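This report concerns only the one structure given below.
The values are calculated or read from the model by the stated rules, or taken from the named source; none is laboratory data. Not measured: the values here are computed from a predicted model. Every residue, glycine among them, receives a Cβ derived from its backbone with ideal geometry; neighbour counts consider all protein chains shown. Accessible surface is based on the protein model in full, side chains and every heavy atom, while ligands, DNA and RNA are left aside. Shrake-Rupley method; radii C 1.70, N 1.55, O 1.52, S 1.80 Å.
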Amino acid sequence: MRRNLRHATTTIRDKRLRAVEELPDWEGLRDEGAALKDHALANLSEALLDLEAAVTARGGHVHWAQDAQEARAIVAGIAASHGAREVIKVKSISTDEIELNAALEERGIHAIETDLAELIVQLAEDRPSHILVPAIHRNRAEIRDLFRRKLGADLLTDDPKVLAEAARVYLREKFLSTKVAVSGANFAVADTGTVCVVESEGNGRMCLTLPDVLISVMGIEKVLPTWADVAVFLRLLPRSSTAERMNPYTSFWSGVTPGDGPQEFHLVLLDNGRTDVLADEVGRQTLRCIRCSACLNVCPVYERAGGHAYGSVYPGPIGAILTPQLLQLEDKNANTLPWASTLCGACYDACPVKINIPEVLLYLRGKITGDKPVNAEAVAFKTAAWIMSEPFRFEGALKLARTGQGPFVKHGAIHALPGLLSGWTDTRDLPALPAQSFREWWRARPLPGGHAAGDDAQTSEGERLPPQRDDRGPA
Ligand code: SF4
């Protein structure tokens with residue numbers, strides 16, 4: 001899994017760097033994107049009402065969903081009212097967020113993912129591990145075996161063209177026979193009621209044009225006031241996500257058009273915690289996110305842990321700040337996510353809309369720990385800070401630990417610790433403390449002239465000063 005992931009993220013990362021370097025003022029474009037998003041968010045209520053009016057005027061239906069449950073019920077109700085036993089889906093993370101597929105299945109409606117990577121994840125009964133490339137953790141051989149098992153495809157090789165053809169044959173029949181489609185939305189334009197989906201394969205466009213009924217589930221933060229705003233994001237998004245100059249397929253639709261495309265269109269506006277995020281002065285920048293996944297591809301934690309480790313629909317750095325906010329820091333899994341970061345800042349540098357992810361991570365950490373009563377962990381860290389703040393205390397503690405570790409050390413490592421400390425050794429070994437600390441070695445090392453380095457000058461607090469330049473021998 002790690003090998004697949006490292007290979008994929010490194011490739012995308014390098015391509016993205018080349019793609020953004022082509023633009024003379026990438027930084028200016030990022031600033032513009034951030035400012036436009038902030039403006040849209042500051043005027044969100046107005047923009048959403050404009051969007052509703054425009055979609056309705058063009059023959060569409062707008063539904064407001066306060067939470068995931070409401071959104072699921074709306075989509076399932078519309079599909080059921082058309083007697084649908086199957087719906088085809090455009091890749092959509094907002095429908096993953098509301099766990100739509102499972103809800104439809106409960107009502108006897110099977111949702112078929114049509115994005116190739118989403119289809120792989122669905123057939124494998126797996127979970128997506130990347131925003132843009134949900135099956136990034138799978139290699140070609142695994143996919144060939146999966147298609148053989150689940151699609152009955154007679155595949156002799158794992159050549160990408162052959163795999164794509166097998167999926168095409170399966171999906172083509174679904175596109176032509178299914179009457180209801182479900183999509184997400186990348187953007188919506190308030191003043192014309194236009195919804196936009198960008199994608200690379202064209203499968204999404206089949207879903208958006210062939211069925212009779214189209215239901216789009218859109219987070220409320222995706223609305224932009226005007227077409228001019230969309231133009232900026234259509235330059236920022238492809239270079240940041242797939243390192244392309246423009247998306248191969250960009251679909252726009254406004255309501256319904258007699259005789260052309262779906263004849264019934266429903267737009268579900270999903271809140272699900274977003275208005276609370278908007279109300280938070282520091283956290284609200286999270287809603288600028290255009291789901292490009294650039295932050296995932298540069299994150300050292302994501303590269304090693306993989307998307308599943310986050311236990312969140314939104315993995316990586318954006319997941320670490322968005323999920324806990326959407327779930328209001330109460331979810332026991334989500335409120336550990338802000339610690340899934342080294343705070344290296346690579347995500348901030350890569351983000352096309354300049355979301356200061358490290359700032360939000362620290363802010364959320366403060367909120368989560370600030371809300372907690374004093375517990376054993378907090379006491380342990382305070383004590384550790386006190387010990388480490390004075391070298392002589394730290395050295396004393398090391399000596400004590402070295403004596404105390406004796407009964408637990410086996411072959412140079414500690415495999416099991418007692419009590420609260422067992423939490424560490426349950427999942428990993430602890431290297432044993434060496435017989436001599438660095439400071440002890442430093443003091444004891446022989447110097448030219450027969451003196452021990454311990455004869456170096458000593459500070460009033462008992463701390464040894466580092467050697468002077470000529471102590472180190474030839475430069
Ligand atoms: S936080 Fe920024 S880099 Fe990450 S997915 Fe969102 S827009 Fe892209």
Mean accessible surface per residue for the stretch 268-398, computed with a 1.4 Å probe while every protein chain stays in place, in Å²: 44 Å²
The farthest towards the positive end of the charge dipole of the chain, of the residues His7, Val256, Val189, given +1 on Cβ of Lys and Arg and -1 on Cβ of Asp and Glu, is His7
Could you give the length gained by full extension between Asp158 and Cys344, i.e. 0.36 nm per residue of separation minus their alpha carbon distance, to one decimal place? 63.2 nm
Output the 0 to 90 degree angle, nearest 10, between the alpha-carbon long axis of helix 160-177 and the longest principal axis computed from the alpha carbons of the chain. 40 degrees
Scalar couplings 3J(HN,Hα) for the stretch 324-334 by Karplus 6.51 cos²θ - 1.76 cosθ + 1.60 (θ = phi - 60°), nearest whole Hz, x for Gly and Pro, are x, 6, 5, 8, 6, 6, 8, 6, 5, 7, 4
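How much length, in nm to one decimal, is gained on full extension between Trp227 and Ser177, taken as 0.36 nm per residue of separation minus their Cα-Cα distance?
In short, 14.6 nm is gained.
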By how many nm would the segment from Ala413 to Met388 lengthen if fully extended, with 0.36 nm per residue of separation less the alpha-carbon distance? 6.7 nm
Counting heavy atoms of the protein chains only and a 1.4 Å probe, report the per residue accessible area for the stretch 45-90 as a whole number of Å². 48 Å²
What are the ³J(HN,Hα) couplings of the stretch 42-51, residue after residue, when phi is run through the Karplus curve with 6.51, -1.76, 1.60 and θ = phi - 60°? Round to Hz, x for glycine and proline. 5, 10, 5, 4, 4, 5, 5, 5, 4, 4
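Where the only charges are on Cβ atoms (+1 Lys, Arg; -1 Asp, Glu), what is the dipole of the stretch 277-379 about its Cα centre, to the nearest 20 debye?
Values: 9 positive and 9 negative charges, 31 e Å.
Charge dipole of the stretch 277-379: 140 debye, to the nearest 20.
With all protein chains present, how much of the accessible area of the chain (probe radius 1.4 Å) comes from carbon and sulfur, to the nearest whole percent?
Using a 1.4 Å probe with all protein chains present, the chain comes out at 55 percent carbon and sulfur.
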As an exercise, use a Förster radius of 41 Å and the Cβ-Cβ distance of Glu359 and Arg107 to find the FRET efficiency, rounded to the nearest 0.05. 0.45
In deg cm²/dmol and to the nearest 500, what is the mean residue ellipticity at 222 nm of the chain if only DSSP H runs of at least 4 residues count, each as -39500 (n - 2.57), divided by the residue total? -14000 deg cm²/dmol
Find, among the trypsin sites (Lys or Arg not before Pro) in the stretch 202-288, those assigned to loop by DSSP (not H, G, I, E, B) with at most 11 other beta-carbon atoms within 10 angstrom. Arg245
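Within the stretch 404-446, report the trypsin sites (Lys or Arg not before Pro) that DSSP leaves as loop and that have at most 14 other Cβ atoms within 10 Å.
Here the trypsin sites (Lys or Arg not before Pro) that fit, given the DSSP loop and packing criteria, are Arg428.
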Free-standing Cys, the chain [no other Cys Cβ under 4.7 Å]: Cys196, Cys207, Cys289, Cys292, Cys299, Cys344, Cys351
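Which is the longest part of the chain that has none of the GluC sites (Glu not before Pro) sitting in a DSSP loop with at most 11 other Cβ atoms within 10 Å?
Longest gap between qualifying sites, sites excluded: 126-280.
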Computed for the chain: size of charge dipole around the Cα centre, +1 on C-beta of each Lys and Arg, -1 on C-beta of each Asp and Glu, debye to nearest 20, value 1480 debye
Give me the lysines in straight-line cross-link reach of Lys399: C-alpha distance below 21 Å, same-chain residues under 8 apart excluded. Lys382, Lys410
Antiparallel DSSP beta bridges within the chain, as percent of all bridges there, nearest 5: 40 percent
Entries in Lys89/Lys179; Lys15/Lys222; Lys37/Lys91; Lys15/Lys91; Lys332/Lys367; Lys179/Lys222 that, when Cα-Cα distance is taken, lie over 20 Å: Lys15/Lys222; Lys37/Lys91; Lys15/Lys91; Lys179/Lys222
Would you work out if the stretch 202-302 is rounded, prolate or oblate? Take a ≥ b ≥ c from the square roots of the eigenvalues of the alpha-carbon gyration tensor; rounded if a/c is under 1.5, else prolate when a/b is larger than b/c, oblate otherwise. oblate
In debye, nearest 20, what is the charge dipole magnitude of the stretch 361-419 about its Cα centre with +1 on Lys and Arg Cβ and -1 on Asp and Glu Cβ, if you could check? 80 debye
